[in-house]
Each structure stands twice: as structure tokens, then as C-alpha cells.
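To start, the structure itself, in C-alpha cells.
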Amino acid sequence: MTEAWLPREAEVVECVAETGDTHTLRLRLTDPARHDAYRFAPGQFNMLALHGIGEVPISIVSDIEDVRLFDHTVRAVGRVTRALVRLRPGDRLGVRGPFGRGWPLAEAEGRNLVVVTGGLGCAPAVSVIRHVLRRRERFGRLTILQGVKHSNDLLWRGQYEAWAREPDTQVLLAADVATPDWPWHRGLITELFEQIEDALAGSLAMMCGPEPMMVAAGRMLLERGMAGPDIYLSMERNMHCGIGQCGHCQLGPHFVCRDGPVFAWPAVASLLGIRGF
Amino acid sequence: MNQSGFLPRADLQRLIDRLRREHADCLGPQVRDEAIVFASLERAEQLPFGYLDRQRPGSYRLEFGDSERAFAWANGPQALKPLVFEPEQPMWHSVRDPDGSLQFHPVPAKPSSLAVIGVRACDLAALALQDAHFLEEPGDPWYAARREGLFLVAVHCTHPAETCFCASTGDGPSCGAGFDLALHELDEGFIVEVGSDAGQAVFEALQTLPVAPGQRAAAEAQQARAAEVQQRRLPAPARLAELMQAATDPHWEEVAERCLSCGNCTAVCPSCFCHRHAETPALDPSRSGHARVWDSCFSAAHSLLHGRPLRAQTAQRYRQWLTHKLAGWQVQYGRIGCVGCGRCISWCPVGIDLTAEVDAILGEVHD
């Protein structure tokens, strides 16, 4: 049996304030051998443990080849995450992982990619976008659709503008409610699909965000001719163990922590969009 | 057929003595607080001789009669679950040194040695379900240690309760596998059957008598009857799998009108495995513990996501429990997660009967 349930000590090397309540923690395992051996895939997550407070699952957003540090972007929404964003360089915490199945990047090579994300800077989507842009020649056209409720919610606005300047990359943003200086679409993200129809043929789609958004977007992609197995989505559920034992993250027959968090559409489609399922 | 022999009732103490010598403790069913529970057993007289259990939806009552038998009842609120899957199990503790560094110390799994007499077929089936969950990689070391140390003396069930339906799930009333020894209780004593190498050694030391043909026939007859008298049943697994497609059925709301979301069903269920991770800080802030603690899908905290429960409604929680137990479990572990013990029916304070709710949702009609 492996000690997948035991945290290992890590040190906060750097803290980057993204917004008032969202910080990126750049971490290093303090045991050099463990740090050197640490490998993960985009879309996987770690359990971060705070002494005396508890543990939470957080996506890994750094690049797989960036072996010096690994990054977690944390938004203060609960008891543990509020304490996590207060960490400063030199502070220690526990890390266990990586857990789960990440994005199907081997399958995505050579293909056009459509990344659909909603909400406040969806970390699993950011990890895959960065992965593709650092290996630009290995992937086809990249189309990024990001929706937010209010234009002020958009995290990493400068980053989206930078991504839009990358070769063969299109960025489409939508805000339900927007300030006057918002240069992009006002309305739902799904209204942008008409603008990308020609990008969809032969594409692989990756989605991350609120479940109703992913359900609506998935159905639109299917209507526009995409095959179900070419649509992937990253799911969220309560997680305590990360290894399929505690039972909290179940979605139908799946343990999201172990069988996901990234699923192909056909595996979960019938389970989505049902309140409380 | 398993090797077997006859043990006169007066010799039962020899079995208990032997198990007590070989194991750190020997548990057996005893009456405590008006229920039959597993407790440390030293003398055969401590067994619930003469007791019967009357179980109905929302009701569990013991009656004392003139029976000669020690096992003329179905089951109590406990299965083997609390003996292997501890209600609260410390996992690690962390220590913060004055320089700020953190150390995480695992709580070692201690070797265990425990004999249990009076295990039912449904308990063995549920233990196999929990084994499939907790021993699968990466595994739970504390469960594994406790499981490794178990010596199980099963007793074929002759008195199913009104709430029992193990015959329909295929898990009882007779014990098929998973025991070290199994007993058929007859009026004059026990037919002892061997189920493992460890059981074989104990069996040989017991020096049992040959089983008379009449005793064998009596045992078979009472087992057949124990299956026949069961009134409740669950539909076949393929039919139960359809529950996953019935997520929007209005009957979930109807159950929720009665369900208190108290979690009694998940506490007495011998297969329910959900547990939360709980931080247990010491008064000294440099030290903190971390434990896994039984949880229930009927609690609001079970489904917390971004600080809010995903399943805020009781109907959603009951649906989660039943669809997991009877449908999702089949995908996860190759069979349903219910063994037909009926505990969730008896110990539900409002008497919700899962077999009736399943029938209502699937539109099953019985003659």
C-alpha cells in the first residue's frame, strides 16, 4: 500500500496576488528527492494541507516541465482557502498528490482545440492553455472561449490579451454584465459559438466551469457536429481523500477524484444538469 | 462439502476458550441496552439464549421466550463494520517546529487479533463489499490491519426478521464463504463447518462428533425455511441499475416528506463507507491530528462545494444514497452495495423501507 493519504512538507517560495481574494502559491517540496521525483499532468490536482486547519483539493496550474516549482491558484471561498491565501513566502504546508486524470493531451496533439471556460479564471483550463502555447507546433488552431458573469470578474485579463496575440490562436470573451470599456461580447458565452463554427471540424473540446455552462456548451458542440468522445470536461465535487475512498466526490458511478476530474462527455452526460446529482 | 462435525451445546465453552487463548479478544452477541450487539465474550451463558428479535419498519424489540437457542434472532444494529472500519481513525499528526517547519507523522496501523462469534451471512457479504473498497489500491492500512486479524465464526441465520431480504440479494440466510468456521444451531448443539485453514486448526482441536444424518437434514430444512419466510425483496441488479436514469422521478420528493435526513440508515448500513477527513487540533497549537471519521451522504456537509451543499434538499440526499447503493455500486464493485440485512428499515426512525421505495420508483408490482 502506498501512503497516498500522508501529506509531505512543502514550502511557499513565492506568492502572486492575482486579485484581492485570489493568490497563486508557488511551492517546492522540502525533501529534494521528493521534489525532483514529483511529476503531474495538466488537469490533475493536489490536496493542500494546512496544519490545524484542514485539507482542500487544488488544481496544479504550472507547466509540467517547470520542475523548479509547482503552482496552485487559490481563491478564498471557504475556511481552508481563506487561510491558504494568507500564506507568505517561507510558510510551510502539506502537499499530497498529484491525483486524478488530467486532460487528454496526447490525443489532442495535431488537432484543433477549443477550450471553453466559465467563471473566475478556471485553473484547469489555464493549465491546458499554457501547456499548448508552450508547445505551439504540436497542436493545431487554439480557440479559447471564456465567459464571466460580470466583466470585472475576469481574472488574468492581460493574459487573455496576450494569448490572443499568439499565432493561430483566437480568444473570445463574453460577460453577461459588462462595464463600458469591455471590448468583447456582452451576453452568454454560448452565443459565441456561431463565430467559431469553422474551427470545430475535427477539433477536440475541453471545458471547465459551472456545470450549467458546460451542459449548454456541450450540447451546442454536439449540435454543430462534434462527436461526444471529442468533448472533455473537468468536474468539481467535494473531495476529502483524493484516492476514491471517502465517497464525497461521487457523480453517479464515478469517483470524480480518481476517475476524473477530467471526463469524456459520454461518460457523464446523462448525469449532468440534474440539480443535486 | 466443507469438513464438519457436531459440537454438543455444553461444549460451546470450549470453542470460546480456544478463541480467547488464540486472540487478543473474542466478541460474541450479547444483550446491551435492549439490543443485540457484539461484546467481549468470556462465557457461553453471556450469549442471548432465549432471545428473539422483532423487527419492523422503524422498530426493533427483543423478546425473551423459552427457546433453548442462543442465535434465534436475525441481527442487531452492528454488523462487522465498526470492528474493521473504525468510526474514528487517526491518520496522521502534524507538528510545527519553532522554526516554522512542519512534520507529518503517520499513525501506524497496529496488528490486530480478534475473534467474532455469531457473524451472519449478510455480515460476511457486507465485509466482502468493504474489503473491495478499502483493500483496493492504494488501500487503507488501518482497515487492512484490523481485517487481517479477524477470525470469524459465522452462524447460519435461522430466524430472519420481518425486515430481512438477504435471500433476494443472494447473500443469505446461509453463509457461503468468507468465514473461518460456520455453525448450524440445532436444539441439541451445533454443526461446525470449516471455511479456512485457520478454522481447520480450531476445528481439529474441538474434537467434534460425527454429524448424524437427521441433524444434517434438520439444518438444511431450517435454512430452506429461513429463505422462504422472507417477504421483502429487491428487484434484480439489472433492474436496479435503472435507478440511475430515474433521477428526476417525483417519488424522491415523496420519500423526502418522511425522511428526516438523520443518517441512521448509513450508520447501521454494513457497507456504507463514506468518511470525512477531520482536523483535530491539540490545545498546544504546535500539534494537530487528522482523522477519518464516519460521514453520511444525508449530512449537508457531505456535498459541500465552494462553501455550499450541492445536495441541499433531503430528496437529493436520499436519491444519492439509494442510487449509489443499488446502481452506482454495480459499476464500481461489480454488484449492488446492499446485502439485504434490513437494518436501514428497522433503525429508520420513521420506518422508511428501501424495498418499497425502490418498487415505487421502478414501478415494480408484486403478486
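The values are calculated or read from the model by the stated rules, or taken from the named source; none is laboratory data. Worth saying up front: this structure is predicted, and the values here are computed from it rather than measured. All Cβ positions, even for glycine, are placed from backbone atoms using ideal geometry, and neighbour counts span all protein chains on display. These accessible areas exclude ligands, DNA and RNA; they are computed on the full protein's heavy atoms, side chains included. Shrake-Rupley method; radii C 1.70, N 1.55, O 1.52, S 1.80 Å.
Scanning region B:273-290 for residues that are touching a residue at least 60 places away in the same chain (Cβ under 8 Å), assigned to a loop (DSSP other than H, G, I, E, B) and at the interface with chain A (Cβ under 7 Å from one of its Cβ atoms) returns B:Phe273, B:Pro285. Whenever a residue of region B:105-125 is over 27 Å from B:Arg14 (Cα atoms), its partners that are among the polar types (S, T, N, Q) and not in a strand (DSSP E or B), lying with C-beta atoms within less than 8 angstrom and at least six residues away or across chains, give the pairs B:Ala125/B:Thr169.
Per the conditions (1) in the same structural domain as B:Val339 (by TED's automatic domain parsing); (2) polar (S, T, N, Q); (3) touching a Lys or Arg at 6+ places or on another chain (Cβ under 6 Å), the sole criterion not satisfied by B:Thr248 is (3).
From the list A:Ile60, A:Ile64, which residue is assigned by TED's automatic domain parsing to the domain that holds A:Leu27, touching a residue at least 60 places away in the same chain (Cβ under 8 Å), closer than 21 Å to A:Tyr232 by Cα and open to solvent by less than 20 Å² (accessible area, probe 1.4 Å)? Spell out the reasoning first.
Numbers: A:Ile64 fails: open to solvent by less than 20 Å² (accessible area, probe 1.4 Å).
Of A:Ile60, A:Ile64, the one residue that is assigned by TED's automatic domain parsing to the domain that holds A:Leu27, touching a residue at least 60 places away in the same chain (Cβ under 8 Å), closer than 21 Å to A:Tyr232 by Cα and open to solvent by less than 20 Å² (accessible area, probe 1.4 Å) is A:Ile60.
Of all the listed residues (B:Gly307, B:Gly328), the sole one being over 19 Å from the mean Cα position of the chain (by Cα), within 11 Å of chain A (Cβ to nearest Cβ) and more than 22 Å from A:Pro210 (Cα to Cα) is B:Gly328.
For B:Arg239, indicate whether it is in contact with a Phe, Trp or Tyr (Cβ under 6 Å, 6 or more places away or on another chain), more than 10 Å from chain A (Cβ to nearest Cβ) and not small (Gly, Ala, Ser). Spelling it out, it is not the case that B:Arg239 is in contact with a Phe, Trp or Tyr (Cβ under 6 Å, 6 or more places away or on another chain), more than 10 Å from chain A (Cβ to nearest Cβ) and not small (Gly, Ala, Ser). Each residue in region A:14-44 was checked for being within 22 Å of B:Leu102 (Cα to Cα), among the hydrophobic types (A, V, I, L, M, F, W, C) and either open to solvent by 20 Å² or more (accessible area, probe 1.4 Å) or within 14 Å of chain B (Cβ to nearest Cβ) (or both), and 5 pass.
Can you tell me which residues in region B:206-231 are within 23 Å of the chain's Cα centre (by Cα) and either at pLDDT below 95 or assigned to a helix (DSSP H, G or I) (or both)?
Taking region B:206-231 as the starting set, the residues that turn out to be within 23 Å of the chain's Cα centre (by Cα) are B:222-231.
Once the filter is applied, which keeps residues that are within 23 Å of the chain's Cα centre (by Cα) and either at pLDDT below 95 or assigned to a helix (DSSP H, G or I) (or both), region B:206-231 yields B:Gln222, B:Gln223, B:Ala224, B:Arg225, B:Ala226, B:Ala227, B:Glu228.
For region B:321-367, a residue qualifies if it is surrounded by 24 or more Cβ atoms within 10 Å (Cβ to Cβ) and of a type in the set (S, T, N, Q), and the qualifying residues are B:Thr323, B:Ser346.
Here B:Leu305 clears all of (1) at pLDDT below 95; (2) among the hydrophobic types (A, V, I, L, M, F, W, C); (3) touching a strand residue (DSSP E or B) at 6+ places or on another chain (Cβ under 8 Å) except the condition numbered (3).
The helices (runs of 4 or more DSSP H) found wholly in region A:202-277 and carrying at least 1 residues that are without any contact (Cβ under 8 Å) to a residue 12 or more places away in the chain, open to solvent by 10 Å² or more (accessible area, probe 1.4 Å) and away from chain B (no Cβ under 14 Å) occupy A:211-223.
In this structure, is B:Thr314 polar (S, T, N, Q), open to solvent by 40 Å² or more (accessible area, probe 1.4 Å) and more than 21 Å from the chain's Cα centre (by Cα)?
Working: polar (S, T, N, Q): yes; open to solvent by 40 Å² or more (accessible area, probe 1.4 Å): no; more than 21 Å from the chain's Cα centre (by Cα): yes.
So B:Thr314 does not fit the description; no.
Which of the residues belonging to region B:177-231 are open to solvent by 50 Å² or more (accessible area, probe 1.4 Å), of a type in the set (D, E, K, R) and under 26 Å from B:Cys26 (Cα atoms)? The answer is B:Asp187, B:Glu188, B:Asp197, B:Glu204.
Which residue, of B:Leu234, B:Leu240, is touching a residue at least 12 places away in the same chain (Cβ under 8 Å), aliphatic (A, V, I, L, M) and in a loop (DSSP other than H, G, I, E, B)? Lay out the reasoning, then the answer.
Numbers: B:Leu240 fails: in a loop (DSSP other than H, G, I, E, B).
On inspection, the qualifying residue turns out to be B:Leu234.
Any chance region B:55-67 includes a residue that's loosely packed, with under 15 Cβ neighbours inside 10 Å, at pLDDT below 95 and either at positive phi or not in a strand (DSSP E or B) (or both)? Within region B:55-67, one or more residues are loosely packed, with under 15 Cβ neighbours inside 10 Å, at pLDDT below 95 and either at positive phi or not in a strand (DSSP E or B) (or both). Scanning region B:243-260 for residues being open to solvent by less than 80 Å² (accessible area, probe 1.4 Å), in a helix (DSSP H, G or I) and within 13 Å of chain A (Cβ to nearest Cβ) gives a total of 4. You will find that of A:Gly252, A:Gly225, the residue that is at pLDDT below 95, out of contact with any Lys or Arg (no Cβ under 9 Å at 6 or more places or on another chain) and at positive phi is A:Gly225 and no other. Taking region A:85-197 as the region of interest, the helices (runs of 4 or more DSSP H) fully inside it that hold 2 or more residues being open to solvent by 30 Å² or more (accessible area, probe 1.4 Å) are A:105-108, A:157-164.
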